[in-house]
Amino acid sequence: MFPHAVMRAFRKNKTLRYGVPMLLLVVGGSFGLREFSQIRYDAVKIKIDPELEKKLKMNKVSLESEYEKIKDSTFDDWKNIRGPRPWEDPDLLQGRNPEILKTKTT
């Protein structure tokens, strides 16, 4: 008899029906968000291997270095080639002969 009365009260009372689950979601989400944000700060504390760090510093690419590479290039003779759609044959679309490509691969 007692569970029946509780279920009837749960159905009638909007605070129990909607408020308590919302409150649990907000409080539980707060704890979950705290755990996920802590992962971000823990990942920053991890040290990189010194050899890997040296390689990363040696292979550093900057915007200025890439600009210097293409500064003297001429773009007068470029050709705009549209990429193929999934249902199109890429070799026919870009003007390549598929028979020549088949003989090169075999």
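The values are calculated or read from the model by the stated rules, or taken from the named source; none is laboratory data. Everything numeric here is computed off the predicted structure, so don't read it as measured data. Here the Cβ is made from the backbone with ideal geometry for all residues, glycine too, and neighbour counts use every protein chain on show.
The residues of segment 38-53 that are at pLDDT 85 or above and surrounded by 10 or more Cβ atoms within 10 Å (Cβ to Cβ) amount to a single one, GLN38. Residues of segment 2-37 that are of a type in the set (D, E, K, R) and loosely packed, with under 10 Cβ neighbours inside 10 Å: LYS12, LYS14, ARG34, GLU35.
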